[in-house]
Amino acid sequence: MFSEKGVERLLSVIAFSAISALALIALFIFIEGIPFLLKYGIKDFLLSSDWRPESGKFGIYPMISASFWVMLGAMLVGAPFGIAGAIFLAEFTPKTVMHIIKPAIELLAAVPSVIYGFIGVVVLAPIIREVFGGPGLSLLAGAIILGIMILPTVISISIDSILAVPASFREGSLALGATIWQTVHMLTIKAAKSGIIASIILGMGRAIGETMAVIMVTGNAVMIPNSALDSVRTLTANIALEMSYATGMHREALFATGVVLFIVIIFLNAIASVVIRKKVITK
Amino acid sequence: MRVSPKYTQIGAVTILGAATAFTVAILIFIIIFVLEKGLPVLSFNFLFTNPSDMGRSGGILPILIGTVLLPVLAIIVAAPLGICTSVYLVEFTLESRVTRLIRFGTDCLAGVPSIIFGLFGFIFFVTILGMGWSIMSGGLSLALMILPTIIRTSEEAIRAVPKAYREVSFSLGASRWQTVRKVVLPNALPGVVTGVVLGIGRSIEETAVVIFTAGSSLLIPTSLFDSTRTMAVHFYILAREGLSMENAYGTAASLIIAVLIVNLTAYWMMHRFIAKRN
Amino acid sequence: MKKHLILFCFITAVIFFGCGKGKVSVTLAGSTAFQPFAEKIADEYMKANPNITITVQGGGSAVGIQSANSGAAQIGMADLVKLPDEAKELTSTIVAQDGIAVIVNPKNKIENLSTEQLRDVFNGKINNWKEIGGGDEPITVVSREAGSGTRSSFEKIVTGIKLVDKAVIQNSNGTIRETVANDENSIGYISHGILNEKVKGLKIDNVECTTESIIANNYKLVRPIFLLTKGTPAGEVKKFIDYILTDEIQLMIKKDGLLPAK
């Protein structure tokens, strides 16, 4: 019913849906945020650690550093466990068992972040408070909860990419007398690398973009963390916490926070896609 | 000293296995924690009566309705867009600057924090388009949010279909579009369905976007332009404001069960499909 | 882009044809302090007037002001001591007064703080409970986010507060109550309307935060609650606001911990 050309043209238009959505979102966030940045000064906004909207001080350095540390912490928790789990399930577990565990883990990606956050508040924070001191609602709590939250993303996509490595690679290596582990770490992981990196990028995106769970467990204090036990506020939390009550300059400053988040994410993705492309070319 | 590859393997497997066990244990703990406290609250009455006193007592009927409507609307909008995009990327173009741009845009959209989708939805759908806090605003905002998930997963799935299949189809004189419809998509379907399921999952679990765009009304919606509340939002408000822990756990348990049902249905469909094909 | 245009047209069409319903609807949005009361009042009102739908949204005072300005809600709710410039064009009606209770964990021995001590605790000058007669434990200060009506009212009345950096920030009254209920070393402040047995309200300068002491004008921490409308309220909006100001409803909100408007 469609002509071949017509279909192709329609698809080529639709293919731009994601990028036009991105452009539209960027446009609206920038319209609200850029005028503030120019007025207030980009340097003051980014590098000052004084966030006192009531007296017209808008420095988001503490939030930038908090977002960075929370994300790094989450990666330290989530990536090793996630990748180890993916390798174990894909290579050392009987197929039938893997086909039960993998869907179960994917299911957990759909557990609402508010539930993770809630468990962070009622289970994790009191433990941290009692064992290490501090308010409990802290950078550490945020990193652990986010690390757990990104596990399903990392595991699921890594498994797919490991399984996508052609069986002939594996058989060849095994036939040459290599053990499964030698095959895995010398061959399979390298062949599946771009998928594994993609899984980590998605995990990072999730960690830096997560809002509700972070608001619940990090305590949201505006300070540059001195230790993992300090309470911190991420960029996302800054927006979500204050947006509802913000007016005037304060509201614009929160949109400017959104602009910063946006740019950070574009930057992250630029690095990531360069890494992946290089991999494809050298292969 | 060189350790024998056999022992290295035993060591590696032990470490990997322990990490896996730990991961699975944490995840199981979370499910059990919620279900243990929530299941006793769950009943036919809880699910199908109206809440009263801001949800302190009564059930979650309107919330149940909202939790179904929002993800359904989001999928209706996002799934065709996402699947067409991935078909285009894999089947209709060669790697070029344009595909890289599209892929980069998709990656970026995937990384955009949900709070920003919420802000955007609030300015664009709620205010500028005048839809108010409504199922429509919420569904459309969620659709944008899950679009990258669907594109990425479908793209992987379509790419995973062996080249030989396409070559056979072309050699039999099929056009590109016929090949996509008759050969590529059927073979990629399990992966595509997984992407859609992940999308449904993301919309059910999302809280920030929904609060900003669909509001948090507790009334039963009578049109797509009424405000509503999903179970995730209801749980957040009940638990965080300390309104009723009992109802909060009940809501959390229903939420997790809903997610279970959606996913298991999808997996069942996928397996039936594979079985039929063979 | 073409697809977006089509989508856009489709949406516009649906809006045009989808909204022709017979039911009148009024939306309130804003202050989380007044939200529970508004919902309860709306329930009562809808029982008496079944052809009207009243929707209540939270969001906070700024959302109340914005949505009243933009028309997303016919009535905005705000709980600020002083309304910001954005609200200049809106008509405001005071519908209630609300006390701010300073709360600690019930396990805390402290019963009373002077205004001076309260200020020093929130400034971080006092950071251990033993300095003000409690156990030897660090104080966790819990406060609202910048821009919150409750916070700006609190700081305006106590005066001289430059909130300590390490203060934990939560964005609603209920959440502050939960945080303080969970952490034995914490101190926070919430709307008097939602004070309950999970936390302990402190006396300030030896005056307890009760409805009686607020009405008698002994308790200092009190702020008004505004309903904001674009232009003078008319029609169903006016009827609903008038309904809130009837003696019956004023008595009802008083029973639940808020104070009458006058």
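Bear in mind that the values in this text are calculations on the coordinates, not laboratory data. Predicted model only: the values in this text are computed from it and were never measured. Here the Cβ positions follow ideal geometry from the backbone for every residue, glycine too, while neighbour counts run over all protein chains shown.
Which FRET efficiency value, to the nearest 0.05, do you get for A:Ile271 and A:Asp44 by plugging their Cβ-Cβ distance into 1/(1 + (r/R0)^6) with R0 = 35 Å?
Numbers: r = 27 Å, r/R0 = 0.77.
E(calc), rounded to 0.05, equals 0.85.
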Inset, instruction - Please compute the Cα-Cα pair-distance distribution of chain A with 10 Å bins starting at 0, giving whole percents from short to long. - result: 6, 23, 27, 23, 14, 5, 1, 0
Inset, instruction - Have a look at A:Ala86, A:Ala104, A:Ala74 and tell me which one the Gaussian network model of chain A (Cα, springs below 10 Å) gives the largest fluctuation. - result: A:Ala104
Inset, instruction - Calculate the mean, over all residues of peptide B:48-55, of how many other protein chain Cβ atoms lie within 10 angstrom of the residue's Cβ. - result: 2
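How much of the DSSP beta bridge set in chain C is antiparallel, as a percent to the nearest 5? Each step should come with its number before you reach the end.
On the way: 24 of 41 bridges.
Rounded to the nearest five, the antiparallel share is 60 percent.
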Inset, instruction - List the aspartates and glutamates whose Cα lies under 17 Å from the Cα of C:Lys40, skipping any in the same chain that are fewer than 8 positions away. - result: B:Asp53, B:Glu241, C:Asp98, C:Asp242, C:Asp247, C:Glu248, C:Asp256
Inset, instruction - Could you let me know the centre-to-centre spacing of the range A:170-211 and the range B:212-262, using Cα atoms, in angstrom? - result: 38 Å
Inset, instruction - Hey, can you grab everything whose amide H is under 5 Å from the amide H of B:Gly58? Only 5+ residues off in sequence or another chain; H modelled, so Pro and N-termini drop out. - result: B:Ser52
Inset, instruction - Out of all DSSP beta bridges with both ends in the protein assembly as shown, state the antiparallel percent to the nearest 5. - result: 60 percent
Inset, instruction - May I ask you to sort A:Val214, A:Val123 by Cβ crowding, counting other Cβ atoms within 10 Å and putting the fewest first? - result: A:Val123, A:Val214
Inset, instruction - Identify which of A:Lys39, A:Lys102, A:Lys57 has the largest mean-square fluctuation in a Gaussian network model of chain A, with springs joining Cα atoms closer than 10 Å. - result: A:Lys39
Legend entry - Computed E for C:Ser213/A:Ile263 - FRET, C-beta separation, R0 45 angstrom, nearest 0.05: 0.30
Legend entry - Distance from the range B:3-81 to the range C:33-90 (C-alpha centre basis), Å: 34 Å
Legend entry - the range A:45-282: Lys pairs at Cα distance under 20 angstrom, eight or more positions apart or on different chains: 5
Inset, instruction - Relative to the longest principal axis of the C-alpha atoms of chain B, give the angle of the C-alpha long axis of helix B:135-159, reported between 0 and 90° and rounded to the nearest 10°. - result: 20 degrees
Legend entry - Cα shape, the range B:1-102, gyration tensor, a/c 1.5 rule: oblate
Inset, instruction - Run the quick spin-label model on B:Asp53 and B:Thr222: label points 7 Å from Cα toward the beta carbon, then report their separation in nm to one decimal. - result: 2.8 nm
Inset, instruction - Can you put C:Asp165, C:Asp242, C:Asp98, A:Asp230 in order of Cβ neighbours within 10 angstrom, beginning with the fewest? - result: C:Asp242, C:Asp165, A:Asp230, C:Asp98
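Using Cα pairs under 8 angstrom and six or more residues apart, how large is the relative contact order of chain C, in percent? Each step should come with its number before you reach the end.
Numbers: 502 pairs, mean separation 67.2, N = 262.
For chain C, the relative contact order is 26 percent.
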Legend entry - Derived scalar couplings ³J(HN,Hα) [the range C:53-64; Karplus, 6.51 cos²θ - 1.76 cosθ + 1.60; whole Hz; x for Gly, Pro]: 10, 10, 9, 10, 10, x, x, x, 4, 5, 4, x
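Cα gyration tensor of the range B:42-277, axes a ≥ b ≥ c as square roots of the eigenvalues: rounded (a/c below 1.5), prolate (a/b > b/c) or oblate?
On the way: a/c = 2.91, a/b = 1.83, b/c = 1.59.
Prolate, since a/c reaches 1.5 and a/b exceeds b/c.
So for B:Tyr88, B:Tyr7, fewest C-beta neighbours within 10 Å to most, what's the order?
On the way: B:Tyr88 24, B:Tyr7 10.
The fewest-first ordering by Cβ neighbours comes to B:Tyr7, B:Tyr88.
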Legend entry - Gap separating the Cα centres of the range C:110-147 and the range A:123-166, nearest whole Å: 33 Å
Inset, instruction - Under a 10 Å cutoff between Cα atoms, tell me which one of B:Val90, B:Val168, B:Val209 has the largest fluctuation in the Gaussian network model of chain B. - result: B:Val168
Legend entry - Average other protein chain Cβ within 10 Å of Cβ, residues C:213-224: 0
Legend entry - Cα shape, the range C:99-215, gyration tensor, a/c 1.5 rule: rounded
Legend entry - Cα radius of gyration and Dmax for the range C:68-111 (Å): 16.8, 49
Legend entry - Amide proton proximity set for C:Thr53, modelled H, under 5 Å, gap of 5+: C:Val24, C:Ser25, C:Val26
Inset, instruction - Step through the table entries C:Lys107/C:Lys220; C:Lys109/C:Lys200; C:Lys130/C:Lys198; C:Lys47/C:Lys239, compare each Cα-Cα distance with 18 Å, and write down the pairs that go over it. - result: C:Lys107/C:Lys220; C:Lys130/C:Lys198
Inset, instruction - Search the structure for amide H atoms under 5 Å from the amide H of C:Ile103, placed 1.01 Å from N in the peptide plane, and list their residues when 5 or more places away or on another chain. - result: C:Gly188, C:Tyr189, C:Ile190, C:Leu202
